[in-house]
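**Student:** Please find one structure pasted underneath; my questions will follow.
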Amino acid sequence: ILVKGIYELWGEGGSYEELEEAVKSYPDERKLPYLGSESTFKITVDSFGKVMSLLEQNERIRGLSYIPFKGRVNLKNPDHNFWLMETDDTATNNGLPPVAQRRIFFGREVGGADRKLLPTYQLKSRNYLGPTAMDAEMAFLMANQAQAAPGKLVYDPFVGTGSILVSAAHFGAMTMGADIDIRVVRDGRGPDCNVWSNFKQYGLPMPIALLRADNNLPPWRPGLKEVFDAIICDPPYGVRAGGRKSGGRKLLKGVIGPYTVPDDKRADHIPSTAPYSLAECVHDLLDLAARMLVIGGRLVFFYPVSREEDSCEDHFPEHPCFELVATSEQILSSRYSRVLLTMVKTSSYTEELALAAWMKHLEFKENHSKWLEEGNNLHSSVFSPADVHHSGDSKLSKESKPKYRGKYV
């Protein structure tokens, strides 16, 4: 998904003079088969960290006159694609990671990625969307990390509008989802605007099932184990939407036992819910995955972290049944980011391991609570002002009001 193409590098340099010298010294037996008069070619100019005008691109192409092209130019369907790529060394690089120095590359395209996949699935053309719908590119990256493929069963316990399952279904996997909000999984916005219609829109196989289920109280019968090949999800961590679990005012006030819903209201009843902390949510997710994933199955989920220098949050959740194989940070602002964790199940679930996992959870929860108490929690990292200077100036006090600081959450 992230690979744009694979190129045979003919030369590189810090300037166009160095590039010319490098290309000329590249072996002729490697170059000449692609420069013959019987072939067609195209040269594409690309840049990293800046935008080139069409005039600048044409000037760059004319500067390659030292390469003995004998074939004809064909912009639509050439036999050979050549790329001239340039990185910028200026201080302003449009929010991209800083480039150490200017570099210029020239080479032949060996193979290109199918980037048309992303515009096809882009969210702005999606039939049914929610406020926390996963960006299409990110959803495909998550499905890749989980190794979604034909014959595999993928589960999302926080399915929402189904963005992650859509990407898994594209790769041929069977899908299944759950959400605590029955209005999302059952009703949507009508018969033609719901989770099911998102799959129908792209001609993908429908999910095996969508459940109204609480991650804190899993619906699986006792003894059911090792069903899913992968669990992919984006747990709620309280930036755009907080987590919810079964509960509510009646339970909190001390009502003993679950209340009974009258039969005449059962069809439209929406159960009460209570807040669901991130630490508890992640523990339940790891316990679910330890029970329900096959050996070698993958758990892929996002975990938020503060990027403040004095942040105490410097470790990730652990479980004795899993090995952490990949951590991929997505920087969302100067103050917080989220890390895509990829875990592989290496041990079968036992009561002894469950107890060990509970002890790890208590330790993690203690550290997590300490992080919250110190004021470095994720919500304040996102919404509080970057620089808080208390003064009597009314204009400054207005500017110091909480402001949303992230682009994608």
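**Student:** I'd like to check something: does segment 155-171 contain any residue that is open to solvent by 60 Å² or more (accessible area, probe 1.4 Å) and more than 24 Å from Leu2 (Cα to Cα)?
**Tutor:** Looking through segment 155-171, none of the residues is open to solvent by 60 Å² or more (accessible area, probe 1.4 Å) and more than 24 Å from Leu2 (Cα to Cα).
**Student:** If you don't mind, there's one more thing I want to ask. Give segment 165-209 a look and list any residue that's on the phi > 0 side of the Ramachandran plot and in contact (Cβ under 8 Å) with a residue 12 or more places away in the chain, or say none.
**Tutor:** Correct list: Gly172, Gly188.
**Student:** Return the pairs, sorted by first residue and then second, in which the second residue is in a strand (DSSP E or B) and open to solvent by less than 70 Å² (accessible area, probe 1.4 Å), the first residue lies in segment 317-337 and is of a type in the set (Lys, Arg), the beta carbons are less than 9 Å apart, and the residues are 6+ apart or on different chains.
**Tutor:** Arg335/Ser306
**Student:** Let me ask you something else. If we keep just the residues of segment 263-297 that are open to solvent by 50 Å² or more (accessible area, probe 1.4 Å) and charged (D, E, K, R), which is nearest to the chain's Cα centre (by Cα)?
**Tutor:** Arg291
**Student:** Across segment 162-172, what is the number of residues that are part of a loop (DSSP other than H, G, I, E, B) and more than 21 Å from Leu288 (Cα to Cα)?
**Tutor:** Qualifying residue count, segment 162-172: 2.
**Student:** Let me ask another. Can you find, within segment 173-204, the residue that is farthest from Ala148 (Cα to Cα) among those that are within 21 Å of the chain's Cα centre (by Cα) and in a loop (DSSP other than H, G, I, E, B)?
**Tutor:** Checking each candidate, the answer is Tyr202.
**Student:** Give me the pairs: first residue in segment 13-27 and in the same structural domain as Leu64 (by the TED database) and under 12 Å from Ile104 (Cα atoms), second residue open to solvent by less than 60 Å² (accessible area, probe 1.4 Å) and assigned to a helix (DSSP H, G or I), beta-carbon distance under 7 Å, and six or more apart or on different chains, which are they?
**Tutor:** Pairs found: Gly13/Leu19; Gly13/Ala22.
**Student:** How many residues are open to solvent by 40 Å² or more (accessible area, probe 1.4 Å) and over 12 Å from Ile164 (Cα atoms) when one looks only at segment 130-144?
**Tutor:** Total satisfying the criteria: 1.
**Student:** Answer yes or no: is there a residue in segment 123-140 that is of a type in the set (A, V, I, L, M), under 19 Å from Leu285 (Cβ atoms), under 16 Å from the mean Cα position of the chain (by Cα) and not in a loop (DSSP other than H, G, I, E, B).
**Tutor:** yes
Condition check ((1) open to solvent by 80 Å² or more (accessible area, probe 1.4 Å); (2) small (Gly, Ala, Ser); (3) more than 39 Å from the chain's Cα centre (by Cα)) across all residues:
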site: Ile1; (1), (2), (3): no, no, no
site: Lys4; (1), (2), (3): yes, no, no
site: Tyr7; (1), (2), (3): no, no, no
site: Gly14; (1), (2), (3): no, yes, no
site: Glu18; (1), (2), (3): yes, no, no
site: Tyr26; (1), (2), (3): no, no, yes
site: Ser39; (1), (2), (3): no, yes, yes
site: Ile43; (1), (2), (3): no, no, no
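**Student:** Need the failing condition index for Glu59 against (1) within 39 Å of the chain's Cα centre (by Cα); (2) outside any helix (DSSP H, G or I), just the number.
**Tutor:** Answer for Glu59: the failing condition is (2).
The values are calculated or read from the model by the stated rules, or taken from the named source; none is laboratory data. Bear in mind the structure is a predicted one, so any value in this text is a computation, not a measurement. A quick note on method: Cβ atoms are made from the backbone with ideal geometry, for glycine too, and the neighbour counts reach across all protein chains shown. SASA here: full protein model, heavy atoms, side chains in, ligands and nucleic acids out. Shrake-Rupley method; radii C 1.70, N 1.55, O 1.52, S 1.80 Å.
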